[in-house]
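The values are calculated or read from the model by the stated rules, or taken from the named source; none is laboratory data. Source: prediction; values computed, not measured. Heads up, the Cβs are rebuilt from the backbone with ideal geometry, glycines too, and the neighbour counts pull from every protein chain shown.
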Amino acid sequence: MSYKVIARKYRPQTFAEIVGQQHVTRTLANAIESNRVAHAYIFSGVRGVGKTTAARILAKALNCAKGPTTNPDNTCDSCREISAGTSLDVLEIDAASNRGIDQIRELREMVRYAPAASRYKVVILDEAHQLTDEASNALLKTLEEPPERVVFILATTRAEDLVETIKSRAQLFQFRSLTFQEISGQIERIAKSENLKIDPGAVAVLARAAEGSLRDGLSLLEQAMAYAGDTVADAQVRELLGVVAESVLDDLVEAIAAQSAERAFALVHRLIADGQNLQHFCREAIRHFRNLLVARVCGADSELVAAPADERPRLTDHAARFAEEDLTRFFNILLETDDDLRRKPDPRLHLELGLLRLINAQRLAPLEEVLGELRGEPRTAKAAHPASSAPARTAPPAQAVSASSAGAATAVRMAPAPETKASAAPATAPPRPASAAPIPASPPRVVARSVEDAAGGLAAAQLDSIKAALQSSRLLSSFLEHATRCEIEASEFRLFFSTENRALAEMLPREAMERLRTAVQEVVGQPLRVCVKLESGRAGVVRGSELRARFEEDPIVRAMLEKFGGQISKVKRPGEE
Ligand SMILES: Nc1ncnc2c1ncn2[C@@H]1O[C@H](COP(=O)(O)OP(=O)(O)OP(=O)(O)O)[C@@H](O)[C@H]1O
Ligand SMILES: [Mg+2]
Ligand SMILES: [Zn+2]
């Protein structure tokens, strides 16, 4: 029995058998059916995605005894000769080794004569971008005055390197890289017809290693069969290709989630002890984090995730442990690490550094979040960090939800008096900002007391409702907590601040102001202008120690301290040296 390598044995013989290039095959079939075949085509795309295959099928379709047909029979003389590469009218030329002008001159001579036995002469010029400039010019002359019944197919992995004048005379087809699903599907089909038992995990490893090229996928399958025989196991393929076990990636994810440098170093140590290639590991990590990022953004069942069905729950699980921003950051760090590993000596050092950066990257996350908030952006669910990354982030109290609903005013009006609230028993505590539960708001007593004093003041319950409606913004919540009192006068909702809080009163960004206005309107039931005012006369000079105490109570300052673990070294008044 003659042996044929798998990729050749399973070369598609009809347009319908070509996987994943329907945009090309459909257009070609239409052209054949409507008798509008062009003189020149460019088939562009990465290696092993079906360019030569499609070119041969087109040649057969044009010259089949039953044709021209979109469905060549593959049994007539013409079809068989083309398949065998012995047809006189179908010339396959490798431009990489025939790149000179002489070859193209020869070619022009050849195409000058009518086809010997068929309807068309088909010239398949492989690696067409490798032609020299003179050869390209000679080819161009031919394309400018195309001989009757000659079809040129320029197959290339680098269409951008073809000269513009040639490109403009040919119809361009962009063959796309094949997806993980397309490659693994084809591997499975072929394994079945070869009576091969292969683990789904092994198929996945092969399909991923193929990186979009079906020929590469099939060559790898061939290697795996030579290595493992009729039963191909996951571990064997990993061993063959030097691909790390998925459990190593689990360990990596654990180490990052736990922010444990020790575990990361242990992981590198183990990889080296096992004789793993660190660069391969890094590539695998990139692939894994890319999958996690896609799973996080599009969901784990997205077609864009390069993983078999049974791995997807695990991806969902991993992805849920990090915020989207974290995953993006990890992905970038890994790409940089990969670059370092490739270009610099001492891969161990660079991998360790890369993993350390991964572990520390998460600590940076809250900074962006906090800065965003300082700019008045509302916290988004996306930005919320998973519990593992920040210590002591607890869920918001359940009543936070009801307090911000339509019946808020009534619900809050029934709440105990402000003095009781200060004691903050869980059942009666005022709703805290939902996203920032562990960061205590500054004591509500300032507002509570002043609201009681305020002549013509707003009912405490209404102010509470406004606060409840704005609890998702740490900035606005803090802002309201610092107000000394508020009142409604002449269609204005006035918020008063003491003069030492001037900076706070002035810094509220427009969007935040707009949110405040909306909340006031909802609670009060009428549109009001929101004005921020400074108390006149009340502003006694604050002593240094008191200033420091207030600063320490400030929720934003506290959040900063808690997240970044800093210390307040000195508190200065604005303008003070
Ligand atoms: N789209 C596809 N559908 C089915 N099989 C394919 C496809 N692409 C590649 N193959 C398999 O890979 C083998 C090589 O494909 P082909 O020669 O068409 O690739 P190519 O795009 O011309 O690659 P290169 O740029 O390296 O010349 C085929 O024999 C076939 O087994
Ligand atoms: Mg080819
Ligand atoms: Zn035929």
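Taking Ala204 as the residue in question, decide whether it is under 20 Å from Ser177 (Cβ atoms) and either assigned by TED's automatic domain parsing to the domain that holds Pro313 or crowded, with 18+ Cβ neighbours inside 10 Å (or both). Judged against the criteria, Ala204 is a match.
Of Leu154, Leu131, Leu139, Leu196, which residue is assigned by TED's automatic domain parsing to the domain that holds Asp102 and modelled with pLDDT of 90 or more? Unique residue meeting the criteria: Leu154.
Can you tell me which residue within the range 181-201, out of those that are among the β-branched types (Val, Ile, Thr) and either in contact with a strand residue (DSSP E or B) (Cβ under 8 Å, 6 or more places away or on another chain) or surrounded by fewer than 21 Cβ atoms within 10 Å (Cβ to Cβ) (or both), is farthest from Ala309 (Cα to Cα)? Once the filter is applied, the top-ranked residue is Ile190. Does Arg158 satisfy the criteria of being in contact (Cβ under 8 Å) with a residue 12 or more places away in the chain and at positive phi? For Arg158, the condition - in contact (Cβ under 8 Å) with a residue 12 or more places away in the chain and at positive phi - is not met. Within the range 16-25, the presence of at least one residue that is within 16 Å of ligand 3 (Cβ to nearest atom) and in the same structural domain as Pro146 (by TED's automatic domain parsing) is confirmed. From the list Leu218, Leu252, Leu267, Leu240, the one residue that fits, being within 16 Å of ligand 1 (Cβ to nearest atom) and surrounded by 18 or more Cβ atoms within 10 Å (Cβ to Cβ), is Leu218. Restricting attention to the range 52-67, the residues that are within 13 Å of ligand 2 (Cβ to nearest atom) and either over 12 Å from Val122 (Cα atoms) or assigned to a loop (DSSP other than H, G, I, E, B) (or both) add up to 3. Please determine whether any residue of the range 68-83 is crowded, with 18+ Cβ neighbours inside 10 Å, more than 10 Å from ligand 3 (Cβ to nearest atom) and within 17 Å of Leu125 (Cβ to Cβ). No, the conditions are met nowhere in the range 68-83. Looking across the range 194-221, just one residue is over 26 Å from His288 (Cβ atoms) and touching a residue at least 40 places away in the same chain (Cβ under 8 Å), and that is Glu194. Just one of the numbered conditions (1) free of Cβ contacts under 8 Å to residues at least 60 places away in the same chain; (2) within 21 Å of Ala170 (Cβ to Cβ); (3) of a type in the set (Val, Ile, Thr); (4) within 16 Å of ligand 1 (Cβ to nearest atom) is not true of Ile82: (2). Go through the residues of the range 62-70 one by one and say whether even a single one is within 13 Å of ligand 1 (Cβ to nearest atom), touching a strand residue (DSSP E or B) at 6+ places or on another chain (Cβ under 9 Å) and either touching a residue at least 24 places away in the same chain (Cβ under 8 Å) or assigned by TED's automatic domain parsing to the domain that holds Phe15 (or both). No - not one qualifying residue is present in the range 62-70. Considering every residue within the range 32-51, establish whether at least one is more than 16 Å from ligand 2 (Cβ to nearest atom), touching a helix residue (DSSP H, G or I) at 6+ places or on another chain (Cβ under 9 Å) and in a helix (DSSP H, G or I). Scanning the range 32-51, I find at least one residue that is more than 16 Å from ligand 2 (Cβ to nearest atom), touching a helix residue (DSSP H, G or I) at 6+ places or on another chain (Cβ under 9 Å) and in a helix (DSSP H, G or I), so the answer is yes.
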